[in-house]
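Taking it in order: structure first as structure tokens, then the write-up.
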Amino acid sequence: MRAASVVLGGSVPVSIPPGIPLSSVWVQSPKVGNPSIRVLLVEMAWRLVKFQPQYQPIQKWHQALSGTNKALKKKAIVAVARRLLIDIWRIRTGRTTAQEVGLVLSD
């Protein structure tokens with residue numbers, strides 16, 4: 001029996017030995033997108049944690065963001081940053097308002 005060669009995530013071929021089911025193979029996908037924008041979004045998310053704790057994604061991830069587990073904090077802040085980007089897009093395209101997504105704008 002030969003090893004199966006599979007391309008996961010559309011980038012790197014992975015050789016799977018015989019007898020190992022494909023469902024048990026996990027490959028972390030590479031970071032995609034502009035690194036500068038990713039950094040800015042994460043920084044914006046940390047500012048929201050401090051200055052707008054009522055924002056719904058921050059409320060959802062509050063326990064993880066206030067805990068001591070660094071890996072979980074990182075996962076949580078990336079989730080908040082992703083949701084923030086989606087909400088900014090929804091606001092800019094007129095699909096919603098800042099107040100509807102729970103953001104308080106100052107003058």
Item checked: Cα Rg, Dmax (largest Cα-Cα span) when computed across region 35-101, Å -> 12.0, 38
Notebook entry, point to check: Can you give the extra length, in nm with one decimal, that the chain gains between Leu72 and Val104 once fully stretched, where that is 0.36 nm per residue apart less the Cα-Cα distance?
Noted result: 8.9 nm
Next item on the list: Extending each Cα 7 Å along its Cβ direction at Gln59 and Ala79, get the distance between those two points in nm, one decimal.
Entry: 1.6 nm
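By how many nm would the segment from Val39 to Thr96 lengthen if fully extended, with 0.36 nm per residue of separation less the alpha-carbon distance?
Separation in residues times 0.36 nm, less the Cα-Cα distance, equals 18.0 nm.
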Margin query: Once you keep just the Cα pairs under 8 angstrom separated by 6 or more residues, what percentage relative contact order results for region 32-95?
Written below: 35 percent
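FYI, it's all coordinate maths here, none of it is from the lab. Note that the coordinates shown come from a computational prediction; the quantities given were computed from them, not determined experimentally. Note that each Cβ is placed from the backbone with ideal geometry, even for glycine, and that neighbours are counted across all protein chains shown.
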